[in-house]
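The values are calculated or read from the model by the stated rules, or taken from the named source; none is laboratory data. Since we're looking at a predicted model, the values are computed, not measured. Here Cβ is always computed from backbone atoms with ideal geometry, including for glycine, and neighbour counts include all displayed protein chains.
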Amino acid sequence: MTMQLRILSLILLLTLANGPLFAALETPLRPLLMPDKQSLYQRVLAKPDALIHSAPESKAGEKAIPFTAFYVYARREVNGEGWQQVGHNRHGQLAGWIRETDLIPWNQGLTIAFREPLGNDRVLLFRDKEGLKSLVDSYDLEHYKQVYAEAESGKLTAESPVIAIQPKIHVDILKDFYLVPIRSHEDVYLDSEQARILQVSSVPLQTAKKQPPEREQAKSANPTATPAKRFRSGVVFVIDATLSMDPYIDRTREAVRKVYETIIKEELTGDVSFGLIAFRDNPESVPELEYLTRTYVTLEQGQNADSFFRQVSSLKAATVSSKGFIEDSFAGINEAIDNIDWEGQDARYVVLITDAGPRDASDPLSGTGLNAESLARLARNKGIALSVLHLLTPSQYANHESAAERYKALSYYPGIGSFYFGVKTGDVNRFGRVMDALAHQITDQVKVTAIAAAGKELQRQPAPAPDKKEPDEEPDQLAQFQAKVAKLGYALRMRYLQQDKAEQIPSVFNAWLVDRDFKNPERQTLDVRVLLTRDQLSDLHSIMRQVLETAEEGLLSPRSFLNDLKSLAATISRDPEQLGSTTRVSGALEGNLADMGFMREYIEDLPYTGEVMNLSLENWQDWPARDQLAFIHRMEEKINYYQVLHDHTDLWVSLDGGSVSGDSVFPIALEMLP
């Protein structure tokens with residue numbers, strides 16, 4: 001026997017004894033590709049109560065964690081029922097089989113959150129695309145009003161084009177988690193405004209929100225009973241404590257003292273709590289300032305007057321001036337958001353009092369690395385409304401306009417506007433009138449809510465009249481400011497009074513909606529978000545930091561820099577699970593999406609794209625250096641935001657009900673991504 005025959009015989013024996021010798025070289029199992037795509041795999045989300053089976057129609061099944069993202073490996077129909085074989089990743093790690101009706105297509109990675117409907121029409125969910133598109137194309141307001149009235153009354157019939165309507169009371173996606181993934185879209189015009197028709201699935205985390213047994217029993221016994229917990233408001237003043245601020249500090253004390261007198265008189269002690277944080281500026285620039293921020297009174301300490309004034313008695317303005325016309329007011333705001341215990345507060349207010357402009361994210365002396373929009377978003381995530389009383393003192397005149405622009409962005413509240421009040425000339429009396437009006441309104445809201453919850457008739461007390469109106473004071477400014485506070489207070493009150501009605505986002509597997517208000521097409525009715533895990537956000541932070549650092553070191557060409565950022569943005573929007581493989585800094589062992597030729601298919605068909613995706617190399621090269629630097633600063637600020645968001649563990653949602661982990665999720669606004 002020749003040597004070659006002996007080797008072949010040995011291989012045959014080994015194969016018969018131990019199985020295929022080259023099994024390891026077999027093509028690995030891969031998920032199904034999306035139609036007409038070369039690298040994008042089909043992905044799905046598990047609905048609440050979905051079960052994972054070892055085989056189609058097997059009796060036993062293991063409950064899937066709601067909204068877990070799976071890759072689709074196979075499809076099968078058994079006895080007329082569709083099944084999908086799913087895996088945890090794209091590398092062949094199979095999970096099992098799930099009924100098709102318990103899965104939601106997840107090919108884009110984008111989801112929506114409904115905006116506060118207060119004062120506007122709620123979003124209608126249509127049965128099919130044709131019914132909605134016909135109404136949009138015709139822009140028939142009379143027919144729309146008829147359809148809307150039917151949906152609002154709850155008298156929808158099988159013939160109605162509408163199958164559901166957004167809840168009347170705003171559902172906070174972070175408190176009562178829900179998911180409305182975008183499945184497909186079409187660009188349209190609503191009247192003269194560009195809009196999008198979206199095909200969505202709408203699924204709350206819990207198919208039914210249940211009250212504790214004792215609460216249900218109490219409610220059955222007395223349907224009109226007062227809610228179990230009294231309505232509480234927390235107000236934290238963030239006050240500038242730099243040179244010359246003593247008169248405003250004293251006037252703030254006076255306003256709070258008046259409110260405490262009202263609280264005691266109305267028997268509301270404990271229902272309104274005040275806190276106080278002082279800020280100055282970075283002590284590294286002026287050591288005599290002593291501190292950047294200092295919490296003088298917490299909300300717990302501010303439940304009664306004696307404790308509040310005892311804690312705040314040592315607050316004095318600095319004896320030295322800070323550096324320049326700007327100070328780190330954002331550090332004070334961040335301290336209120338991050339380190340004040342807001343638990344149990346149904347209405348949450350932070351009031352900034354300052355005569356200086358803020359240090360922005362790009363300022364080397366900034367204590368936060370965040371801009372106004374990011375801070376405002378963090379505050380809203382925690383249910384905090386920000387107000388700014390900007391003292392327009394003559395000494396800061398050169399900074400008034402730019403500071404006002406930032407403070408209006410900081411205090412912006414969706415659906416209502418900016419809670420910004422510019423106090424002319426920084427006049428202490430004018431400032432006092434605004435403080436008195438604001439404090440009275442917040443206290444009155446607590447009283448009104450308590451009376452309404454008890455089912456009693458309200459005897460409203462008028463707001464205290466101003467001592468004297470200055471001849472050059474704008475007549476409408478205070479009234480407009482108070483109207484906004486009242487509108488916000490009404491929304492918070494309605495949420496509290498209707499908290500036992502167990503409203504939730506309707507559970508609809510397939511529906512169509514338009515992303516703009518039919519009566520007011522300029523108003524967008526929803527926010528676009530991307531659902532990321534905490535680990536994915538950490539990866540995003542790390543990769544984006546590496547891209548910017550490499551670019552700043554001059555190691556990336558403009559083309560490579562943009563390709564890396566676009567790859568990052570596209571991967572996040574399509575499939576964040578692939579951050580580590582399709583997104584990386586140019587020069588590594590493997591290419592990014594642009595290098596691999598998949599950029600177009602990742603971006604095409606996305607209904608919403610961010611700043612980076614719409615930026616071309618020609619645009620970038622035509623920008624002056626100042627605009628390029630501003631763009632890089634925006635990217636750096638987003639990196640800082642990711643870090644802050646990652647560290648706010650109370651904002652993350654654990655879909656399995658456990659403690660916060662790397663698998664916990666957060667719906668991040670699309671505009672906060674690259």
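If you scan segment 598-632, which residues turn out to be hydrophobic (A, V, I, L, M, F, W, C) and not in a helix (DSSP H, G or I)? Once the filter is applied, which keeps residues that are hydrophobic (A, V, I, L, M, F, W, C) and not in a helix (DSSP H, G or I), segment 598-632 yields 598, 606, 612, 613, 615, 623. Inside segment 100-120, can you point out the residues that are surrounded by 18 or more Cβ atoms within 10 Å (Cβ to Cβ), over 16 Å from residue 515 (Cα atoms) and of a type in the set (Gly, Ala, Ser)? Within segment 100-120, 109 is the sole residue that qualifies.
When the criteria are applied in full, residue 118 meets the requirement of being more than 21 Å from residue 670 (Cα to Cα) and in a loop (DSSP other than H, G, I, E, B). From the list 630, 594, exactly one residue is surrounded by fewer than 18 Cβ atoms within 10 Å (Cβ to Cβ) and either modelled with pLDDT under 90 or within 19 Å of residue 554 (Cα to Cα) (or both). Which is it? Just a single option satisfies the conditions, and that option is 630. Residues in segment 231-271 that are crowded, with 17+ Cβ neighbours inside 10 Å and of a type in the set (A, V, I, L, M): 235, 236, 238, 239, 241, 245, 249, 255, 256, 259, 263, 268. Being without any contact (Cβ under 8 Å) to a residue 24 or more places away in the chain, surrounded by 19 or more Cβ atoms within 10 Å (Cβ to Cβ) and not small (Gly, Ala, Ser) narrows it down to one of 123, 147, 180, so name that one. Only one candidate passes the filter, namely 147. The criterion of being at pLDDT below 95, surrounded by fewer than 23 Cβ atoms within 10 Å (Cβ to Cβ), assigned by TED's automatic domain parsing to the domain that holds residue 270 and within 21 Å of residue 416 (Cα to Cα) holds for residue 383.
Only one of 661, 616 is modelled with pLDDT under 90 and among the hydroxyl-bearing types (Ser, Thr, Tyr). Can you tell me which? Outline the logic, then answer.
Numbers: 661 fails: modelled with pLDDT under 90.
Selected residue: 616, the only one of 661, 616 that is modelled with pLDDT under 90 and among the hydroxyl-bearing types (Ser, Thr, Tyr).
Would you check if there is a residue in segment 294-305 being touching a Gly at 6+ places or on another chain (Cβ under 9 Å), on the phi < 0 side of the Ramachandran plot, part of a helix (DSSP H, G or I) and small (Gly, Ala, Ser)? Yes, that holds for at least one residue.
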